[in-house]
Amino acid sequence: MQLHSELTLEQNLLLHLLRRGLLGESEPLDAEAWKDADWGEVCKEAVQQAVPVIAFDVAAEYKKQIPQNLYRYWLKLSGGTLQANERITHAQEELIAWLKEAGYTYLILKGTSAAAYYPKPENRGYGDVDFLVQEDCVKAVGKMLKEKGCKKESVGGHHIAYARADGVHLELHFAVGGIPYGERGEKIKAFLANILQTSQTVKSGLTEFVAPSDEKHAMVLILHMLSHMLGEGMGLRHLCDFACFLNKTHEKAFWVESLLPLLKDVGLYTYVQIMTKTCALYLGSVLPSWAADADESVCLEVLKELFVSGNFGGKDFKRAKSAMLISERGKAGMKHGKVYNLCHGLHNYTKAKHPVCQKCFLLYPIFYIGEMVRYGWLMIRGKRPSPLSMTTQADERKAVYEKLHIYEE
């Protein structure tokens, strides 16, 4: 087991479990190196990074060294995650049956589509069922979901969320998330324009569904990682998704023929180089020649940020919320200051939350001011941090992200 001196022993242990579980690292743990490890912290970190089952699958090999009560807890936790996966998979299968019966073209984003690249797809935890349909079918599909007993819960910039009676959320996407503003965004939209027409049927475990082609899935993963990293925070699960995808597809022609040229053109090449090399250094995935020269010191900074953040920023609420001062989930890069990011982010949040103000602009100032007042009230009640109190976290995060040269020329 390779120990990285810049990380804690428990962080090293978790990375070892992930390398062994995902990519078959054969080197066993050195008993002398990990004798003082706190397995409770390893389990806690695995949960905060949304990788408890992958880690436990390997940790079971070291059952004798793990405190019995902790082992039982971790086993129960993993069992609960697998049961949740089954419930979500069942909901997805039922959704697909509805879509097929009604004749709608669809594909599954993230979730089971990402898990299909894992050696054991069932060990990746699922969240919502994210699915994409043609934009002109969104209203009709939404109506169908309501007729099937689903309740509309929220509207985002690129999706509408519905809740089933069993608690599973279905996210109806009318566009791929994370696409930047301006000319770069238009180029990415053009690249993804035929994502539904170039899809592939995937059989993963006992379930079958339509997923993006490898080429389009690569861009979906990249935009998804970037959106969370510059948003509330990205965890190791997202990095595992990318590592497994790289291992399965790195030799395919689309990387060199279409994807890498596009990434250079829109200013994401350095970002993808860094994320690829981070996967290789810490999760043991392949390192393609085009990423070999990426700065290892930046890779380490990125990994440390993931450990500080946790999945969806769950380890530090204030740090997660500091995203509003950094960038609008990366859509405009890193060029703007805190005040601009705060005001422009609220502007787009208002438009997404209150679509009526896009039809009647006179209502927009009312909703905008209303959202400002609402945030202020939540701040007074201690449910939201003040922008001023988040400046330190925002500056720390931005210092790392600026080294990724996101959407720069």
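The values are calculated or read from the model by the stated rules, or taken from the named source; none is laboratory data. Worth saying up front: this structure is predicted, and the values here are computed from it rather than measured. When we count neighbours, we look across all protein chains shown, and the Cβ atoms used for this are built from the backbone with ideal geometry, even at glycine. Accessible surface is based on the protein model in full, side chains and every heavy atom, while ligands, DNA and RNA are left aside. Shrake-Rupley method; radii C 1.70, N 1.55, O 1.52, S 1.80 Å.
What the table below lists for this structure:
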{"quantity": "Hits in region 242-251 - residues which are in a helix (DSSP H, G or I) and either surrounded by fewer than 22 Cβ atoms within 10 Å (Cβ to Cβ) or aromatic (F, W, Y) (or both)", "calculated": "F242, F245, N247, K248, T249"}
{"quantity": "2 or more residues exposed (fewer than 12 other Cβ atoms within 10 Å of the Cβ) and among the hydrophobic types (A, V, I, L, M, F, W, C): qualifying helices (runs of 4 or more DSSP H) within region 335-409", "calculated": "364-380"}
{"quantity": "Residue match in region 156-175 (condition: among the hydrophobic types (A, V, I, L, M, F, W, C), open to solvent by 60 Å² or more (accessible area, probe 1.4 Å) and modelled with pLDDT under 95)", "calculated": "yes"}
{"quantity": "Of all residues in region 119-150 being farther than 27 Å from T198 by Cβ and of a type in the set (G, A, S), the one that is modelled with the highest pLDDT", "calculated": "G149"}
{"quantity": "A91, sole failed condition from (1) touching a residue at least 24 places away in the same chain (Cβ under 8 Å); (2) buried (at least 23 other Cβ atoms within 10 Å of the Cβ)", "calculated": "(2)"}
{"quantity": "Residue satisfying all of: in region 209-223; in contact (Cβ under 8 Å) with a residue 60 or more places away in the chain and crowded, with 22+ Cβ neighbours inside 10 Å; nearest to Q393 (Cα to Cα) among these", "calculated": "L221"}
{"quantity": "Region 127-149, subset touching a Lys or Arg at 6+ places or on another chain (Cβ under 9 Å) and open to solvent by 20 Å² or more (accessible area, probe 1.4 Å), residue farthest from A91 (Cα to Cα)", "calculated": "K146"}
{"quantity": "From the options V47, V53, V58, V42, residue that is assigned to a helix (DSSP H, G or I), out of contact with any Cys (no Cβ under 8 Å at 6 or more places or on another chain) and open to solvent by 40 Å² or more (accessible area, probe 1.4 Å)", "calculated": "V47"}
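This table checks each residue for (1) buried (at least 22 other Cβ atoms within 10 Å of the Cβ); (2) under 30 Å from D38 (Cα atoms); (3) aliphatic (A, V, I, L, M); (4) at pLDDT 95 or above.
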position: K64; (1), (2), (3), (4): no, yes, no, no
position: P67; (1), (2), (3), (4): no, yes, no, no
position: L70; (1), (2), (3), (4): no, yes, yes, yes
position: W98; (1), (2), (3), (4): no, no, no, yes
position: Y104; (1), (2), (3), (4): no, no, no, yes
position: L109; (1), (2), (3), (4): yes, no, yes, yes
